[in-house]
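The values are calculated or read from the model by the stated rules, or taken from the named source; none is laboratory data. This structure is a prediction, so every number in the text was calculated from the model and none was measured. Here Cβ is always computed from backbone atoms with ideal geometry, including for glycine, and neighbour counts include all displayed protein chains.
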Amino acid sequence: MGLGGSFCHCDFGSSFRPLGKRRQIIHSLDKLWHIKDAPMKVFNDPIHGHIEMHPLLVHIIDTPQFQRLRYIKQLGGAYLVFPGASHTRFEHSLGVGYLAGKLVQVLKERQPELLITRQDILCVQIAGLCHDLGHGPFSHLYDGIFLPKVRPEKEWRHEEASVQMFDHLVRENKLEVVMQDHGLTLPDDVEFIKDLIDPKLPSKGRPEEKSFLYEIVANKRNGIDVDKWDYFARDCYHLGIKNSFDYQRILRFSRVCDVEGKKSICIREKEVWNMYDMFHTRSGLHRRAYQHKVVKIINTMIADALVKAHPYIKIKGSGGKMLPLSKAIDDMEAYTNLTDHVFLQILYSYSDELAGAREILQNIICRRLYKCVGEIRPTTHVDVSQDKLKELAENVASSKPSDEDVVLTSEDFVVNVISLDYSMKDKDPINNVHFYRKNDPTKAIKFSRHEVSKMLPEKFEEQLIFVYYKGRDKPRDKRLEEPLEERRLEECLEERRLEERRLEERHLEERRLEERRLEERRLEAAKQYFKEWRKTQP
């Protein structure tokens, strides 16, 4: 079937006569493009089952820049608390790419008047697939804890790095020709994909009548996007937490309506409770897993180890340059080589420069964690900048009880401030969601909280402040760290020194006990410091 004169023989027009000649042509081209496509590749996913990936997406997946995501934990150090949470950004990205294509395909079939093209679908799928390319080691730990400590002047978000890494991926693997072979227009569609990954207004990739496409992968308007749908289901599955949110219903009841002069995705009005359930699921995951107090302190300890190690661990970048951990974000070739492997690189190192970082990671493995000495719920909003956290630690350290003889400093304390919300800070997220009614599906409407229920929460955000005591370094006398049996075996044949050795062992054991008691006193003192500081809080 050739293009020349072939449209008069294709039975595409009978179903779409009301759409006009231009729409018939677009629809016909779309059908023809599908005919010449290579077979889809099937991935067996534990969350979505057998999912099909377009050949262009497979080309992207089979690159070093994308395969890197196999070695970055989705939930950072949470797998050291939740044994099943060892899944990675790789499978999450596959899931988001799949769901992005599914949602846009549903909208195309439900509303052909939207003129969604094959190019649009491919671009949205690629954006979903590549939206997390910019994550560093242990995901949010790298950009949320580590970088602010070592490069506080650097304003950097992983979404920006995802855009840079996507450019690097396309360029390094020479995918421009492959993209064009599959119907994409360059450079316009590449810019569109980058806008979908990190939306900025005004967008240039597509006209106003297709503004709804920017709400599929990273929805800045109300936070309802396929990224959340996948990580809710996937994280709950691996954490062993029940997931009550059903994204399938949102797929079934989504359509595009006019909202304030723009095209926007709206939800059937009867699904308003399902939407609240979605935001409640997010809040629950943060409370029970992402912001779990032990998860937070393990992530803090990993970040502390990276801070100590970052001047000494070098990553090879472009032109053979060797960059420290904190500078890899400035060079995508170096960043491609930076993954969670740095944890094991430090843990199994022998160099003296990494001794401090290595000891922290050994403490994590042996469960010698920083100890939580208390928590409070502040009545006013607390800033979570590094300067503020340092100030809070200094305030705790200065709250020494008058009858306490143990002196602690701000270096002995770690303060974590966690925020729990429905994704829109202290705002009701449904205020930014538009709905439609069954009897008038073209008109977008909004609900006030009172129209929904009187049982909704009054506040949609709360904060918790956790205070931890780090514990002091191990005693400098290396003999205190040596196993008793090893020393006894070394000298068991020296009869004349046996009694002397036993006496020395008793002395060493007494010193161990003394150190243990002293550390227990420090921990109790830290709790008293916290109680004294708490009295000063509103």
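Within the stretch 215-233, identify whether any single residue is of a type in the set (Lys, Arg), in contact (Cβ under 8 Å) with a residue 24 or more places away in the chain, assigned to a helix (DSSP H, G or I) and over 27 Å from residue 442 (Cα atoms), and answer yes or no.
Within the stretch 215-233, not a single residue is of a type in the set (Lys, Arg), in contact (Cβ under 8 Å) with a residue 24 or more places away in the chain, assigned to a helix (DSSP H, G or I) and over 27 Å from residue 442 (Cα atoms).
For the stretch 222-249, enumerate the residues that are of a type in the set (Lys, Arg) and either farther than 17 Å from residue 103 by Cα or buried (at least 18 other Cβ atoms within 10 Å of the Cβ) (or both).
228, 234, 242
Residue 56 - would you say it is hydrophobic (A, V, I, L, M, F, W, C), at pLDDT 55 or above and closer than 26 Å to residue 334 by Cα?
yes
Hey, among the residues in the stretch 219-240 that are modelled with pLDDT of 95 or more and among the aliphatic types (A, V, I, L, M), which one's nearest to residue 82 (Cα to Cα)?
For the stretch 219-240, the residue satisfying everything is 239.
Restricting the first residue to the stretch 166-193 and requiring it to be among the acidic types (Asp, Glu), which pairs with a second residue that is surrounded by 20 or more Cβ atoms within 10 Å (Cβ to Cβ) and modelled with pLDDT of 95 or more meet a Cβ separation below 6 Å and a spacing of at least six or different chains?
189/123
So if I check each of 364, 265, which one is at negative phi, surrounded by 16 or more Cβ atoms within 10 Å (Cβ to Cβ), assigned to a helix (DSSP H, G or I) and among the β-branched types (Val, Ile, Thr)?
364
Can you pull out the residues in the stretch 348-361 that are touching a helix residue (DSSP H, G or I) at 6+ places or on another chain (Cβ under 6 Å) and either exposed (fewer than 13 other Cβ atoms within 10 Å of the Cβ) or more than 28 Å from residue 324 (Cβ to Cβ) (or both)?
Within the stretch 348-361, none qualify.
Can you tell me which residues in the stretch 99-128 are closer than 24 Å to residue 160 by Cα and either outside any helix (DSSP H, G or I) or free of Cβ contacts under 8 Å to residues at least 60 places away in the same chain (or both)?
101, 121
State whether the residues of the stretch 479-487 include one that is among the basic types (Lys, Arg), part of a helix (DSSP H, G or I) and at pLDDT 75 or above.
No: the stretch 479-487 contains no residue that is among the basic types (Lys, Arg), part of a helix (DSSP H, G or I) and at pLDDT 75 or above.
Are any of the residues in the stretch 453-472 touching a residue at least 40 places away in the same chain (Cβ under 8 Å), of a type outside the set (Ser, Thr, Tyr), in a helix (DSSP H, G or I) and touching a Phe, Trp or Tyr at 6+ places or on another chain (Cβ under 7 Å)?
No: the stretch 453-472 contains no residue that is touching a residue at least 40 places away in the same chain (Cβ under 8 Å), of a type outside the set (Ser, Thr, Tyr), in a helix (DSSP H, G or I) and touching a Phe, Trp or Tyr at 6+ places or on another chain (Cβ under 7 Å).
Scan the stretch 341-349 and tell me whether some residue there is touching a residue at least 24 places away in the same chain (Cβ under 8 Å), outside any helix (DSSP H, G or I) and of a type outside the set (Ser, Thr, Tyr).
Checking the stretch 341-349: not a single residue is touching a residue at least 24 places away in the same chain (Cβ under 8 Å), outside any helix (DSSP H, G or I) and of a type outside the set (Ser, Thr, Tyr).
Kindly indicate whether any position in the stretch 303-311 is of a type outside the set (Val, Ile, Thr), touching a strand residue (DSSP E or B) at 6+ places or on another chain (Cβ under 6 Å), part of a loop (DSSP other than H, G, I, E, B) and in contact (Cβ under 8 Å) with a residue 60 or more places away in the chain.
Looking through the stretch 303-311, at least one residue is of a type outside the set (Val, Ile, Thr), touching a strand residue (DSSP E or B) at 6+ places or on another chain (Cβ under 6 Å), part of a loop (DSSP other than H, G, I, E, B) and in contact (Cβ under 8 Å) with a residue 60 or more places away in the chain.
Which numbered condition in (1) closer than 30 Å to residue 258 by Cα; (2) not β-branched (Val, Ile, Thr); (3) not in a strand (DSSP E or B) is the only one that residue 444 fails?
Condition not satisfied by residue 444: (3).
Which residue is nearest to the chain's Cα centre (by Cα), if the candidates are limited to the stretch 390-420 and must be within 12 Å of residue 468 (Cα to Cα) and among the hydrophobic types (A, V, I, L, M, F, W, C)?
Checked the stretch 390-420; the qualifying residue nearest to the chain's Cα centre (by Cα) is 417.
Answer with yes or no whether residue 500 is more than 30 Å from residue 393 (Cβ to Cβ) and at pLDDT below 65.
no
Taking residue 133, is it outside any loop (DSSP other than H, G, I, E, B) and touching a residue at least 40 places away in the same chain (Cβ under 8 Å)?
It is false that residue 133 is outside any loop (DSSP other than H, G, I, E, B) and touching a residue at least 40 places away in the same chain (Cβ under 8 Å).
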